[in-house]
1. Would a scan of region 33-46 turn up a residue that is surrounded by 10 or more Cβ atoms within 10 Å (Cβ to Cβ), modelled with pLDDT under 75 and either touching a helix residue (DSSP H, G or I) at 6+ places or on another chain (Cβ under 9 Å) or in a loop (DSSP other than H, G, I, E, B) (or both)?
2. Name the pairs: first residue in region 51-65 and under 11 Å from Gly19 (Cβ atoms) and modelled with pLDDT of 80 or more, second residue of a type outside the set (S, T, N, Q) and not in a helix (DSSP H, G or I), Cβ to Cβ under 6 Å, at least 6 apart or on different chains?
3. Across region 1-18, which residue is surrounded by the most Cβ atoms within 10 Å (Cβ to Cβ) among those that are assigned to a helix (DSSP H, G or I) and among the hydroxyl-bearing types (Ser, Thr, Tyr)?
4. Checking the conditions here, which among Gly43, Gly19 is at positive phi and without any contact (Cβ under 8 Å) to a residue 40 or more places away in the chain?
Amino acid sequence: MKYWRARKLSATKFKRFSGVKRQTFRLMVRLVKAKEKHKKKPGRPSKLIIEDQIFWTLDKTKKNVSGKFTLTKGAYLCSSGNKLAEK
């Protein structure tokens, strides 16, 4: 499923599909977009928008969740509490 379809889902269906709350998903998108903005050499543009890339990643990690989703070099997201924490 692509982001344009998933944003129409209710909160419970969104969480069931993605594995994270909508607020957490928005936080992930903001962090990834901020990282993308500060790239020195962005390279070739991606065919997928960032939201779809995150959905794809969440779908792949949902099958073997270790309890943490790595977001950036110094931060991680706990899947149990859906809170951003610093290492």
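1. Looking through region 33-46, none of the residues is surrounded by 10 or more Cβ atoms within 10 Å (Cβ to Cβ), modelled with pLDDT under 75 and either touching a helix residue (DSSP H, G or I) at 6+ places or on another chain (Cβ under 9 Å) or in a loop (DSSP other than H, G, I, E, B) (or both).
2. What qualifies is Leu58/Gly19.
3. Keep residues of region 1-18 that are assigned to a helix (DSSP H, G or I), which gives 3-6, 11-18.
Then drop every residue that is not among the hydroxyl-bearing types (Ser, Thr, Tyr), which leaves 3, 12, 18.
Numbers: Tyr3: 17, Thr12: 9, Ser18: 21.
Only one residue tops the list, namely Ser18.
4. Details: Gly19 fails: without any contact (Cβ under 8 Å) to a residue 40 or more places away in the chain.
Among Gly43, Gly19, only Gly43 is at positive phi and without any contact (Cβ under 8 Å) to a residue 40 or more places away in the chain.
The values are calculated or read from the model by the stated rules, or taken from the named source; none is laboratory data. All values derive from a computational prediction rather than experimental measurement. Here the Cβ is made from the backbone with ideal geometry for all residues, glycine too, and neighbour counts use every protein chain on show.
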